[in-house]
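Below you'll find the structure, written out as structure tokens, and then a few comments.
Please treat every number below as a calculation from the coordinates, not as lab data. What you are looking at is a predicted structure, and each value in this text was computed from that prediction instead of being measured. Because the Cβ atoms are built from the backbone with ideal geometry, glycine has one as well, and the counts that use them run over all protein chains shown.
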Amino acid sequence: MESLFKRIDNSGIVAFRIVFGIIIFIETSGALITGWVYDIFIEPKYVFNYISIEWLKPLQGNGMYFYYATMALLGLAIASGLFYRLSSVLFAFMWWGSYLMQKAHYNNHYYLMLLLAFLLIFIPSHKRLSLDVKIGMVTEEKTCSAWCHYILVFQISIVFIFAGIAKVNPDWLAMKPLSYKFDECSSWPTVGALFRSDLMKYLIFYGGLCFDLFIVPLLLWSKTRKYAVVLAIFFNLFNAIVFQVGTFPFLMIGALVLYFPPSAITQILFNTHTENISSLKVEEKGTAIAYILMVYALIQIYLPLRHWHYEGDVNWNEEGYSMAWRMMLNSKHGDLSFIIKDAKGRMLMHDYPQNKISIGQYNSMCSDPDMIWQYVQYLKQEMEEKGEKSVQIFADSHLSLNGRDLEVFIDPKADLAQVTWHHFKHSDWIIPLRY
């Protein structure tokens, strides 16, 4: 425990603060410029937020434009270290709000940015190379408690480790996911032929598996660190170009600064050598901080494993799939509609959700049981407003996972209008995957 509170050079967390702030700015301003904010929050008639917090809805009118513009400015403030504590708190809660407002376009890097944003609230990465120091709001410091650095290394490492563990599954080893991406890339000029070859498939699937499983120890070991950094940069740039996964690869490239000794970062950022800090006293053990860090670490280890509490294949039923670093494992497509009957079982209508929601929402809902349940509640309310009480709603749902034939996904005999949602219990109205 004592090692968590020894004083170390703070260059690593300072460098990461700058990287993170820049990534925030690019992510949020890019969402405005590309029309993502309009497509996700403004245009859809119905936005899928998280169950039990339905009260949290996107701002009306141009509200979400101002919301994301504010977050972009907060990103610049964090990067420059201006009003750092306030900027970090505001951004963390605003990003959390944006994250909870919609889940149809869930992305692992949105979740990672949320965790990092809250961690940075408590990490004093503004005590050096910041406007707060320049204007005298805080006193410059060149050291920090070791835990401030270690918790960031842990958070980034856990992403790689569990992404690798998740890839040890029959579909990934059989190279079934991402077939759509290979078809798309095979038409590229010059390099298209590579994506039609078996060699490229082996490199991507087995190379990706080995990278995720072994990159962390390679980065932590000084003898292999430089080679691992080159490999990590290439791997992430490849993902950025081929899989087009937004700012995530660049965030992971920027996070590589955390794996270097802070003394090396000091030489790069400040063109100076680390002062002799070995003589500095270890801080009084912060027992409360140590226990909080321990609980946080255990939660982050548990979440990617929680799917074992549910029945069936997590890649099929998606119970325990989010917040678990299960990336690029599934290629899914399906069809979904709903049959609505009155209390006596007489047919009222056949609802086709693709006529009411965006194509992105529809594609996500086809494979997401909780979105299906939410949409049924929306239909139920809609029918009640029309004077139809106690309606019965059944799903006509078929889904394909990683090239398999379409299979029935939701039990067609289950009246979803009468189903109660349970956050921590398997939904028995999901038909198991046939292997």
- [ ] Please sort 262-272, 152-162 by packing, taking for each peptide the average over its residues of neighbouring beta carbons within 10 angstrom, highest first.
- [x] 152-162, 262-272
TODO: Could you work out the relative contact order of the chain, using alpha carbon pairs under 8 angstrom and six or more residues apart, expressed as a whole percent?
DONE: 18 percent
TODO: Can you give me the span-like helices of the chain, meaning DSSP H runs with 27 Å or more of Cα extent along the axis and Kyte-Doolittle mean at or above 0.0?
DONE: 11-33, 146-166, 198-220
- [ ] Find how much the distance from Phe243 to Tyr180 grows on full extension, using 0.36 nm per residue of separation minus their present alpha carbon separation; answer in nm with one decimal.
- [x] 21.6 nm
TODO: Using label points projected 7 Å from each Cα along Cα→Cβ, tell me how many nm separate Ile339 and Ser3, to one decimal.
DONE: 6.2 nm
Task: Helix-only mean residue ellipticity at 222 nm for the chain, each DSSP H run of n ≥ 4 adding -39500 (n - 2.57), per residue, nearest 500 - done: -15500 deg cm²/dmol
Task: Sequence-distant residues sharing a close amide H with Glu407 (under 5 Å, placed H) - done: Leu399, Ser400
- [ ] Per residue, how big is the convex hull around the C-alpha atoms of segment 331-418? Give it to me in cubic angstrom, could you?
- [x] 86 Å³
Open item on the list: Taking amide H atoms as placed 1.01 Å from N in the peptide plane, list the residues 5 or more away in sequence, or in a different chain, whose amide H sits under 5 Å from that of Asp396.
Closed with: Ser337, Phe338, Ile339
- [ ] Run a plain Debye calculation on the chain (Cα atoms as equal point scatterers, no solvent) and give log10 I(q)/I(0) at q = 0.07, 0.10 Å⁻¹, rounded to two decimals, same order as the q list.
- [x] -0.41, -0.81
Task: Length released on extending from Leu199 to Glu311, taking residue separation times 0.36 nm less the Cα-Cα span - done: 36.8 nm
TODO: Can you tell me which of 164-173, 215-224 comes out highest on packing, and rank the rest after it, using the mean Cβ neighbours within 10 Å?
DONE: 164-173, 215-224
TODO: Output the direction-averaged projected area (hull surface divided by four) of the convex hull of the alpha-carbon atoms of segment 180-265, in nm².
DONE: 6.3 nm²
Open item on the list: Can you list residues from other chains, or at least 5 along the same chain, whose modelled amide H is less than 5 Å from the amide H of Thr143?
Closed with: Asn10
- [ ] Output ³J(HN,Hα) for segment 181-189: one whole-Hz value per residue in order, computed from phi by the Karplus curve 6.51 cos²θ - 1.76 cosθ + 1.60 with θ = phi - 60°, and x for Gly and Pro.
- [x] 6, 5, 4, 5, 6, 5, 8, 5, x
